[in-house]
Amino acid sequence: MEKLLVKGKKKLSGTIQISGSKNATLPILAASILNEKKIEIKGVPIVKDVITMFHLLKHMGSNIKFNFRKKKIFINNKNKKLRHVAPYAFVKTMRAGIIVLGSLLTKFGKAKVSLPGGCAIGTRPVDIHLYGLKKLGANIKIKNGYILAEAKNGLKGAKIRFPSISVGATENVIIAASLAKGTTYLKNCACEPEIKNLTDFLRKMGVKINWLNQREVKIVGNRKMKPVSHKVMFDRIEAGTFIIAGALASRSLKIAGIDTKTLNTELKILKKMGVKMKISKNEIRVLESKNIKPITIRTQPYPGFPTDLQAQTMVLMTMAKGISKIRENIFENRFMHVPELNRMGGKIKTRGNLSLIFGPQDLNGAEVMATDLRASVSLVLAGLVAKNKTVINRVYHLDRGYEQLEKKLKKCKANISRVYS
Ligand code: EPZ
């Protein structure tokens, strides 16, 4: 089992180059199924979930190549007949595999995709995905843990209003509508920047797609695809994670390769907490922030405060002079980092979807357990600021979504290493 060892209280300084977004890359790879012309995807993060999606597409018969050194993926499915099945073996480890459902269905008129099942942070149902695909004319059955979807005469454009906001469902239905006959209007969409990156990609491939307002998008299906080259956007959650690392433990830490206008909400909250930052268009310099203030945050769909940054912000709240509150409104079980942070000396009380963080607390290194992707990185952040040594178990969670985390931190003078036991 791999572990991370972090020796705290080292002052960080230097530059962290942010990688491409995992959550933009996954739907873009799924959408590659639509197009038999040449596809080049640049700025791809080398993280486990992306590698799993790569293997899933390869398993389906996609002619896909991943150049790790150049961080590029090349796909050329000319005259390739892909299998329309996404097996449990892939989807169980990477739930986002469900995102190929819309592609397979609209391209081949049928799809057999494993139900993703839940994960540590919640039951993760897919009812909204299926609701939208049915509105486009899909016939859907659930059998032996698989979604069996069919559209013998192809999907047809429709007017759909999502019952609630879902990132994955919005992506799945937008992709499905891209080859549907006629025009689709989607309302109450999620509008995360990663979804905009997906619609940019689809537009370059020849899909007529326009955002009519913040949560409404119009798609005119078009089966004539074009070759495409596309750069994946930066990972805004990785950027937020390292800004918080800078606030916790840096003299001066530069976060580079970002587009700060995508981080408005997060930066507003961090400024209110007293994080000192010099913000320019494509980079942020985080300065030593001694006087962290308590705050109340509620996680919301974009442009609200992102649930994927909740665990990391909680660590910063342990430094604040006073009581901070977090209301987790997106997932039903996303406080599993709390018992681990309390073992490190945090004073955090959780009831339902509310956590109270009593600060300031000096954290002490301890042996802790990662439970999910963002909880695991919050334990690394806590280790950076804690006295003594922290040992983080089950780092495979971290490797799903952070590219070379310890290498990036080590380069900025953190005392962090990976051990194999
Ligand atoms: C995406 O997950 C992200 N994953 C998550 O990031 C992120 O936390 C989440 O969006 C919210 O921003 C990827 O993009 C690969 P949702 P997704 O559908 O699409 C409920 C990370 O750490 N829901 O917006 O699964 C659901 O249970 C990951 O990188 C239904 O009820 O999120 C949740 O409570 C974690 N029915 C809420 O909606 C559905 O059919 C939002 O989920 C779908 C979702």
(message) Which of H55, H84, H129 has the fewest other C-beta atoms within 10 Å, and how do the rest follow up to the most?
(response) H55, H84, H129
(request) Provide Rg and Dmax in Å for segment 20-92, with only Cα atoms included in the calculation. (result) 11.5, 30
(request) Please give the FRET efficiency for R327 paired with S421, using the beta carbon to beta carbon distance and R0 = 45 Å, rounded to the nearest 0.05. (result) 0.75
(message) Under the rule a/c < 1.5 gives rounded, and otherwise a/b versus b/c splits prolate from oblate, where does segment 230-323 land using the Cα gyration tensor?
(response) oblate
(request) With the Cα gyration tensor of segment 60-114 in hand, give its eigenvalues times 5 under a square root as the equivalent ellipsoid semi-axes, listed largest first in whole angstrom. (result) 21, 16, 9
(message) Need one word for segment 1-152: rounded, prolate or oblate. Basis is the Cα gyration tensor (sqrt eigenvalues a ≥ b ≥ c); a/c below 1.5 gives rounded, then a/b vs b/c decides.
(response) oblate
(message) From zero outward in steps of 5 Å, how is the percent of C-alpha pairs of segment 96-175 spread across the bins?
(response) 3, 16, 29, 27, 17, 6, 2, 0
(request) Within the set of other residues whose C-beta is less than 9 Å from the C-beta of N388, count the net charge using Lys and Arg as +1 and Asp and Glu as -1. (result) +4
(request) Distance between Cα centroids, segment 20-79 to segment 215-289: provide it in whole Å. (result) 23 Å
(request) Would you calculate the volume per residue, in Å³, of the smallest convex hull containing every Cα atom of segment 140-264? (result) 157 Å³
(request) Please give the length that would be gained between E288 and T123 if that part of the chain were fully extended, namely 0.36 nm times their separation in residues minus their C-alpha to C-alpha distance (nm, one decimal). (result) 55.5 nm
(message) Whole-Hz ³J(HN,Hα) for each residue in segment 5-22, computed from phi via Karplus 6.51 cos²θ - 1.76 cosθ + 1.60 with θ = phi - 60°, x for glycine and proline: what do you get?
(response) 10, 10, 9, x, 6, 8, 7, 7, 7, x, 10, 10, 8, 6, 7, x, 7, 4
(request) First measure r as the distance between the Cβ atoms of K387 and T350, then evaluate 1/(1 + (r/R0)^6) with R0 = 30 Å and state the FRET efficiency to the nearest 0.05. (result) 0.80
(request) Sort out for me the Cα centre separation of segment 351-392 from segment 96-112, rounded to whole Å. (result) 39 Å
(message) How large is the convex hull of the C-alpha atoms of the chain per residue, in Å³?
(response) 127 Å³
(request) Largest first and in whole Å, give the semi-axes of segment 281-371's equivalent ellipsoid, each being the square root of 5 times a Cα gyration tensor eigenvalue. (result) 20, 19, 13
(request) Per residue of segment 197-205, in order, report the coupling 6.51 cos²θ - 1.76 cosθ + 1.60 (Karplus, θ = phi - 60°) as ³J(HN,Hα) in whole Hz, putting x for Gly and Pro. (result) 5, 5, 5, 4, 4, 4, 4, 5, 7
(request) Pull out the extension gain between K268 and E40, defined as 0.36 nm times the separation in residues minus the alpha carbon to alpha carbon distance; nm, one decimal. (result) 78.5 nm
(request) Starting with the fewest neighbours, write out C119, C412 ranked by other beta-carbon atoms found within 10 Å of each beta-carbon. (result) C119, C412
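Every read-out reported here was derived from the displayed coordinates using simple, explicitly stated rules and does not represent laboratory data. A quick note: this is a predicted structure, and the numbers were derived from the prediction, not measured. Positions of Cβ are generated from backbone atoms using ideal geometry, with glycine treated the same way; all protein chains shown enter the neighbour counts.
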